[in-house]
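S.K.: For reference, the structure I am asking about is given below.
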Amino acid sequence: MLQPVLLFPGQGAQVSGMGRDLAEYSADAMNLWKQAEQISRLPLREIFWEGDESAISDTRALQPALTVVNLNLWTATADKIAPCGAAGHSLGELSALAAAQVLPLKDVLEIAALRGSLMAEADPDAKGGMAAIVKLSLEQVREVVKEASSTSGELLLVANYNTPTQFVISGVKEAVALACGKARERRGRGIELKVGGAFHSPMMREAAKELTPLLRRAHWQKPRFPVYCNSNGKPARDAESAQNCLIEQMTSPVRWIEAVCSQYEDGARCWLELGPKSVLGKMIAPCLARHNVNADDLNIMSASDLQSVQNLGL
């Protein structure tokens, strides 16, 4: 039986119509949508199956809906594989925790709904922003961040370490825009992201504080398999570690490179991405550059809808 690391994407992987075919095929999948709608008090199916681009980008609805899609894809493949680990990018970490049975589905949906609401409300004056910086080394990105922060006098930091040449910065919009310009001066690219705030930065501190009581009340269990955490890139092998990592996550950088390297060092050679759009699988080989890995030796699969699940041939 296949023993992959499960990968669950976060915000940015959403697409219109996501999860519909699987929900119409499986009553259990449809019921998870209905449960998420009851918890979030939002018409998630109407938004994501009939809404436009702006509607599906609203983090209030996006977070519970994307969690539902990720988990329905996992359920559709769960009896065919024996995962050796799991990891989720930002919001996707909730799906990883559910797959490893660290948290029950109801708790995960409640956390996703509240997390989305709190993050949407964390920046009412729309002061925060984020940008992807590509084609620059980490050292160059840190120089760009330092210069832009110093010039503007505003908060700016590296929020996502996605690959050795793909990073995301987060902070006050003025500093973010300056950093994009400085990236271009170095022949890199700065792409401002359509997000509702400076995620994974101290600007989410109040939202994280309000989410913590729910995280503390949740029903935490020992993971069935390791969950590689965003905040430190290391595997959580017990309930306390998993809980602490999730509490830290909203204000901490996403250390995706470290998480992937930890998986490889623990013996992983196979990955299965479960989400509406393939995003994370493409990052595996670049993240392993320090290990001089031949990409042809890696088995990287993805499932984004009913047909791709059936085509996996597991």
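The values are calculated or read from the model by the stated rules, or taken from the named source; none is laboratory data. Since we're looking at a predicted model, the values are computed, not measured. Every residue, glycine among them, receives a Cβ derived from its backbone with ideal geometry; neighbour counts consider all protein chains shown.
S.K.: Spot the failing condition for Q101; the list is (1) in contact with a Lys or Arg (Cβ under 7 Å, 6 or more places away or on another chain); (2) part of a loop (DSSP other than H, G, I, E, B); (3) at negative phi, and only one is missed.
M.R.: Just one mismatch for Q101, condition (3).
S.K.: How about the range 76-107: which of its residues are of a type in the set (V, I, T) and surrounded by fewer than 24 Cβ atoms within 10 Å (Cβ to Cβ)? Talk me through it step by step, then tell me what you get.
M.R.: At the first step, the residues of the range 76-107 found to be of a type in the set (V, I, T) are 77, 81, 102.
Across the range 76-107, the qualifying residues are T77, I81.
S.K.: Tell me which helices (runs of 4 or more DSSP H) are completely within the range 1-96 and hold 3 or more residues being among the hydrophobic types (A, V, I, L, M, F, W, C), out of contact with any Lys or Arg (no Cβ under 9 Å at 6 or more places or on another chain) and modelled with pLDDT of 95 or more, or say none if there are none.
M.R.: 27-40, 59-77
S.K.: Filter the range 294-304 for residues that are in contact (Cβ under 8 Å) with a residue 40 or more places away in the chain and either surrounded by fewer than 20 Cβ atoms within 10 Å (Cβ to Cβ) or aliphatic (A, V, I, L, M) (or both); which is farthest from R269 (Cα to Cα)?
M.R.: Per the criteria, the residue is A303.
S.K.: Among the residues of the range 176-194, which ones are part of a helix (DSSP H, G or I) and either of a type in the set (A, V, I, L, M) or in contact with a Pro (Cβ under 7 Å, 6 or more places away or on another chain) (or both)?
M.R.: Filtering the range 176-194 down to residues part of a helix (DSSP H, G or I) leaves 176-185.
The answer is V176, A177, L178, A179, A183.
S.K.: Further question: Which is farther than 16 Å from P253 by Cα, in contact (Cβ under 8 Å) with a residue 12 or more places away in the chain and surrounded by fewer than 18 Cβ atoms within 10 Å (Cβ to Cβ), of A126, A122, A175, A112?
M.R.: On the way: A122 fails: surrounded by fewer than 18 Cβ atoms within 10 Å (Cβ to Cβ); A175 fails: surrounded by fewer than 18 Cβ atoms within 10 Å (Cβ to Cβ); A112 fails: surrounded by fewer than 18 Cβ atoms within 10 Å (Cβ to Cβ).
It is A126.
S.K.: Test S308 against the criterion of being within 24 Å of A65 (Cβ to Cβ) and outside any helix (DSSP H, G or I), and give yes or no.
M.R.: Numbers: within 24 Å of A65 (Cβ to Cβ): yes; outside any helix (DSSP H, G or I): no.
It is false that S308 is within 24 Å of A65 (Cβ to Cβ) and outside any helix (DSSP H, G or I).
S.K.: Any idea how many residues of the range 258-293 are out of contact with any helix residue (DSSP H, G or I) (no Cβ under 7 Å at 6 or more places or on another chain), part of a loop (DSSP other than H, G, I, E, B) and within 17 Å of A96 (Cα to Cα)?
M.R.: Number satisfying all stated conditions: 5.
S.K.: May I ask you to list the residues in the range 263-290 that are more than 14 Å from S304 (Cα to Cα) and of a type in the set (D, E)?
M.R.: Of everything in the range 263-290, those that are more than 14 Å from S304 (Cα to Cα) and of a type in the set (D, E) turn out to be E265, D266.
Here's the yes/no breakdown for (1) charged (D, E, K, R); (2) modelled with pLDDT of 95 or more; (3) outside the structural domain of E258 (by TED's automatic domain parsing):
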position: K106; (1), (2), (3): yes, yes, no
position: L109; (1), (2), (3): no, yes, no
position: L138; (1), (2), (3): no, yes, yes
position: R142; (1), (2), (3): yes, yes, yes
position: S149; (1), (2), (3): no, yes, yes
position: K173; (1), (2), (3): yes, yes, yes
position: V176; (1), (2), (3): no, yes, yes
